[in-house]
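These notes concern the structure reproduced below.
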Amino acid sequence: MSPPPTASALREQQAYVAAQAADARVNVELDTGDMTLNIGPQHPATHGTLRIACQLDGEQVISAEPLMGYMHRGYEKLCEVRTYPQCTTLINRIDWLGSFANEVPFILAAEQLMGVEAPPRAQWIRTILFELSRIANVSLFLGDMGVQVGALTPVFFAFRDRERVLNQIEEVTGGRFHPNFDRIGGLKDDIPRGWIAETHAVMAKMRGFCDEMEDLLMGNEIFQTRCRSVGVIPGDVALSYGLSGANLRASGVDWDLRRDANPGLAWDQVDWRVWTHPDGDSFARYWVRLQETREATKIVDQLLDGIPSGPIMAKVPRIIKVPAGEAYVSTENPLGEMGYYVVSKGGLGPFRVKIRTPSFSNISVVPWVMRGTYVPDIITILGSLYFILGDIDR
Amino acid sequence: MALVDKVKLPKPLSWLLNFGRARSLWVYQWGLACCAIEMGAAFGSPRYDVMRLGVIPFPASPRQADLVVISGTVTDKMAPVIRRLYEQMPEPKYVISMGSCANCGGPYWDSYSVTKGVDQVIPVDVYVPGCPPRPEALLEGIVLLQERIQREDMQERWRGEPIVVPTSAASSTRVPAAPGASGTAPTSAPATGTASAVPAGSAQA
């Protein structure tokens, strides 16, 4: 038998019960209606012009609906009135952080229709530039995720090291941002002399950047508290919403188009692995992207050492006419699966282009994942889903 | 304001005020499209470091900002929002239109949903061409705007009439013409640099 409670303990207990009762009364008496919180279309955390209309019950989100179209530029229609080489100029600007990666699936689809295959050297350089644009893209996310939880330093580090990768891309393609370098049947130019050694050095620096982010951000207690078990997306939900890329792999689904459906680039020639994380929360998404960036630097390093010699352009006619037919090619872009469904009627330009962009599907899970979360987590979840507005709206 | 209306400011005083205003521009953080990343590189990257020009890229609210950089594609759906946020900025306010899209529609010149030039919606002070412009180009645009503010007559500014800023020898060496965008482009802009300043208010929609 426990001893009888002391007088002070009894008082405390009574006070506690009274406080609970008062609390309950207040909650009954006050009619706390839902509040609508509108985020965007201009908000520093939405990476552009996404608008999210949230219904709040106190601090909790009842529903969150992404409203888009503020950056819709009509790509699919514009592609119908342009020739194939002109299309790549536009397509660069869909996902503006990983521009070169956007061109590749479109060019591959056109090549498939024409029955042309780029020579091995062109394919290796394509793969290298593809992975470089992945690094340039995701490294910004790695820094930016810090800003979403209130740490400003990482984003400066990200901009500093991203410049190095952009320099390497610029040295080959002449374009810092939008290279427009891929051609049907190969590449515009060969790589310049001395570029391979420089790129090796830059890749070593990028690995250093990944280590820095690991120390600075992932090991940070505040970051872990804000991200762990926040915005959990289980694997089956992720699949049913059509998520792809790192968002899917962070939910424990082992799925990577580079390995599963290599459309003819050089990924199968090198030794690398696909990273997954079983948790599916914001932290897992960050973790997977960090590992992928590091893995991409290793892919680039291996590819640089093994570039085959030979021409960089296959024999294609000067004026490109694509024979009638349909082709769908998708690749594993920095943000996820990006695919182009190209319908040709034999003219100078495509008859119809349907663009499947990763971000559009990735944010479709927002209403599901936001339900029941708290207001401060809205931004971290959005940040960890990592979308690019041009990629959503086209 | 009333004082400025009635009294002609002595030249040293207006020089001093303009000097101060030109070198403490608060930029509203506003990213629209690709150019926003280059703007971020100019503002956030240690390599470009816009703060050495006295530009402070902190305000996340238009109510604290002097300058807004329209960086990227303006769509018809976004245009009213831009107009509204611009109207929330306190006078005197300046606008830099960054990139071909904001200047004239750029690669989307035949798109059904893109506004062909933000100067149809709000008056633009400096156009920075490029797709996207390099961060250095944006920095030059800011320097051009500062030169322009330095030579501003405050009385005219308050009166709200279009200001024609005399072009200095320095700025006429970099010439470029106003990007072909608008028919409202200033008449006096000499043209050959990488960025060009036009009279404010010339493009009031």
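The values are calculated or read from the model by the stated rules, or taken from the named source; none is laboratory data. Keep in mind that what you see is a predicted model, and the values were worked out from it rather than measured. Note that each Cβ is placed from the backbone with ideal geometry, even for glycine, and that neighbours are counted across all protein chains shown. Side chains are part of the model used for accessible areas, which takes the heavy atoms of the whole protein and leaves out ligands, DNA and RNA. Shrake-Rupley method; radii C 1.70, N 1.55, O 1.52, S 1.80 Å.
For this structure, a couple of remarks:
- For B:THR73: the one exception among (1) surrounded by 20 or more Cβ atoms within 10 Å (Cβ to Cβ); (2) within 15 Å of the chain's Cα centre (by Cα): (2)
- Candidate set from the stretch B:112-149 (those that are part of a loop (DSSP other than H, G, I, E, B) and of a type in the set (Ser, Thr, Tyr)); member that is most open to solvent (accessible area, probe 1.4 Å): B:TYR112
- Check on A:GLY98, more than 7 Å from every other protein chain (Cβ to nearest Cβ) and within 22 Å of the chain's Cα centre (by Cα): yes
Here is a yes/no grid of residues against (1) touching a residue at least 24 places away in the same chain (Cβ under 8 Å); (2) in a helix (DSSP H, G or I); (3) surrounded by fewer than 17 Cβ atoms within 10 Å (Cβ to Cβ):
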residue	(1), (2), (3)
A:ILE196	yes, yes, yes
A:VAL202	yes, yes, no
A:CYS210	yes, yes, no
A:MET213	yes, yes, no
A:LEU217	yes, yes, no
A:ILE222	yes, yes, yes
A:THR225	no, yes, yes
A:VAL230	yes, no, no
A:ILE233	yes, no, no
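- Top-ranked residue of the stretch A:144-190 - restricted to ones that are part of a helix (DSSP H, G or I) and among the β-branched types (Val, Ile, Thr), ranked as farthest from the other protein chains (Cβ to nearest Cβ): A:VAL172
- Of B:GLN88, B:GLN64, all but one fail to be open to solvent by 10 Å² or more (accessible area, probe 1.4 Å), without any contact (Cβ under 8 Å) to a residue 60 or more places away in the chain, touching a Lys or Arg at 6+ places or on another chain (Cβ under 7 Å) and more than 10 Å from every other protein chain (Cβ to nearest Cβ); the exception is B:GLN88.
- One residue stands out in the stretch A:70-84 among those that are out of contact with any strand residue (DSSP E or B) (no Cβ under 7 Å at 6 or more places or on another chain) and either in a helix (DSSP H, G or I) or open to solvent by 20 Å² or more (accessible area, probe 1.4 Å) (or both): the one that is farthest from the other protein chains (Cβ to nearest Cβ), namely A:TYR84.
- Considering (1) surrounded by fewer than 24 Cβ atoms within 10 Å (Cβ to Cβ); (2) among the β-branched types (Val, Ile, Thr); (3) in a loop (DSSP other than H, G, I, E, B), the lone condition that A:ILE62 does not fulfil carries the number (3).
- Test set (1) within 14 Å of another protein chain (Cβ to nearest Cβ); (2) touching a helix residue (DSSP H, G or I) at 6+ places or on another chain (Cβ under 8 Å); (3) in a loop (DSSP other than H, G, I, E, B) - B:LYS77 fails condition number: (2)
Rundown of residues vs (1) more than 14 Å from chain B (Cβ to nearest Cβ); (2) hydroxyl-bearing (Ser, Thr, Tyr); (3) outside any loop (DSSP other than H, G, I, E, B); (4) open to solvent by 40 Å² or more (accessible area, probe 1.4 Å), yes/no style:
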position: A:GLY339; (1), (2), (3), (4): yes, no, yes, no
position: A:VAL342; (1), (2), (3), (4): yes, no, yes, no
position: A:PRO350; (1), (2), (3), (4): yes, no, no, no
position: A:PHE360; (1), (2), (3), (4): yes, no, yes, yes
position: A:ILE363; (1), (2), (3), (4): yes, no, yes, no
position: A:TRP368; (1), (2), (3), (4): yes, no, yes, yes
position: A:ILE378; (1), (2), (3), (4): yes, no, yes, no
position: A:LEU382; (1), (2), (3), (4): yes, no, yes, no
position: A:ASP391; (1), (2), (3), (4): no, no, yes, no
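- From the list A:ALA122, A:ALA158, A:ALA136, the lone residue that is over 21 Å from the mean Cα position of the chain (by Cα), in contact (Cβ under 8 Å) with a residue 12 or more places away in the chain and open to solvent by less than 10 Å² (accessible area, probe 1.4 Å) is A:ALA122.
- Filter pass, B:SER45 being within 11 Å of another protein chain (Cβ to nearest Cβ), under 22 Å from B:PRO107 (Cα atoms) and crowded, with 18+ Cβ neighbours inside 10 Å: no
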